[in-house]
Amino acid sequence: MSCSWVRFAYRALPLAPWRAFLLGRHIDRCPRCQGEALGDAGVRALGLTAADLAGEPPLRPFAAAGGPVRAASPAWRRAFALFLAVAVLGAAAWLSRLIPRQRLPEGTVTVVEEAGGARAFAVLEARIGDAPARPVVFKPGKGGMTIVWFERSAH
Amino acid sequence: MSEEELVRSARQGDRDAFAGLVRSHEKRLLALCWNMLGDREEARDAAQDALLQAFQNLERFDGGRGFAPWLLGIGAKRCLDRLRRRRTFLRYFRGHAGEWLGGETPRPEAAAEAETAGRLLQRLPARERAALSLTVFEGFSAREVAAALGCSESTARVHVYNARVRLKKEVADEL
């Protein structure tokens, strides 16, 4: 294939990979086309090589990740941090003993009537400690479940 | 330590191993970025980015091609990204320079070109510049250039050829 034909095809062919393939095959073999291109020595004279950068300071691989790599923290700092953590935990444990714990009161429920298995019942009396308790009934959905709990009655 | 051992340690998060791995290739990486971007500071930034990206993606390094081609490929891509952003910025800058600077339109690209080494290289289109730099300065094969730039081998070869032809004309014009 002549150079002019290849160049015409390169411009005329619509798909870039085809054009590149055609021209690539041609320029590898065509001395005339290669003569129009600048050789390696010429290109090297226009740019930099690694040898030209001998005096450049080294790169810092992790500079973009938040500055230079930090040295490990000294032992006294780690010991102080440990002491501080133990002191905070101790103080929290001591404070927790000062706060009185709320215990749930014991209660009794007397069910007086049960009919149809567990489907119906009546609560005659409920007490929390010595005080009467008030029932609260909650039906969360249409599934038939009923939740009953007892609260201290307000006197 | 061999390169494989350094890669293995670096994969486990050993920064010193990665630094050792990088030490032997960093000048090549910097030269590639400098040739592509034409500016020392930007080249150093791009090279730093490439190193960080390489460290974060060490799991993807298959070891088949060797560490240097893989690293330089990342460097070339980072430079192409920067050149793309630079083009966008320059287009915007030129559009607004008149109103910002009272009618005087500066030519930042030309000013940058004048200061930098490889002035003629900077006149090449970005992908041609990348393909040529990798081929001539780094000794990449067409296949390696294609892998680095994400194109076919033929396209990589044509990029290199077109860049050489352009450069020859530029050199002739300069003389």
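Elements of the type helices (runs of 4 or more DSSP H) sitting completely within region B:1-82 and holding at least 1 residues that are among the polar types (S, T, N, Q): these cover B:3-11, B:26-37, B:40-56. For region B:129-175, name all the residues that are under 21 Å from B:ARG82 (Cβ atoms) and of a type in the set (Phe, Trp, Tyr). Of everything in region B:129-175, those that are under 21 Å from B:ARG82 (Cβ atoms) and of a type in the set (Phe, Trp, Tyr) turn out to be B:PHE137, B:PHE140.
Figure legend. Inter-residue proximity from region A:24-36: first residues at the interface with chain B (Cβ under 8 Å from one of its Cβ atoms) and open to solvent by 20 Å² or more (accessible area, probe 1.4 Å), second residues among the aliphatic types (A, V, I, L, M) and not in a helix (DSSP H, G or I), beta-carbon distance below 9 Å, spacing 6+ or different chains. Indicated pairs: A:ARG25/A:MET1. Identify all residues within region B:9-27 that are at the interface with chain A (Cβ under 9 Å from one of its Cβ atoms), closer than 30 Å to A:GLY47 by Cβ and surrounded by fewer than 18 Cβ atoms within 10 Å (Cβ to Cβ); write none if there are none. B:ARG23 - this is the single residue of region B:9-27 that is at the interface with chain A (Cβ under 9 Å from one of its Cβ atoms), closer than 30 Å to A:GLY47 by Cβ and surrounded by fewer than 18 Cβ atoms within 10 Å (Cβ to Cβ).
Between B:THR135, B:THR105, which is β-branched (Val, Ile, Thr), touching a helix residue (DSSP H, G or I) at 6+ places or on another chain (Cβ under 7 Å) and at pLDDT below 70? Spell out how you get there, then give the answer.
Numbers: B:THR135 fails: at pLDDT below 70.
Testing whether each residue is β-branched (Val, Ile, Thr), touching a helix residue (DSSP H, G or I) at 6+ places or on another chain (Cβ under 7 Å) and at pLDDT below 70 leaves just B:THR105.
Close contacts from region B:45-59, counting a first residue that is under 14 Å from A:GLU56 (Cβ atoms) and of a type outside the set (A, V, I, L, M, F, W, C) and a second that is open to solvent by 30 Å² or more (accessible area, probe 1.4 Å) and in a helix (DSSP H, G or I), with Cβ to Cβ under 6 Å and a gap of 6+ residues or different chains, come to B:GLN48/A:ALA64.
The values are calculated or read from the model by the stated rules, or taken from the named source; none is laboratory data. Everything quoted here is computed from the prediction, not taken from an experiment. Positions of Cβ are generated from backbone atoms using ideal geometry, with glycine treated the same way; all protein chains shown enter the neighbour counts. Side chains included, ligands, DNA and RNA excluded: accessible areas come from the protein's heavy atoms. Shrake-Rupley method; radii C 1.70, N 1.55, O 1.52, S 1.80 Å.
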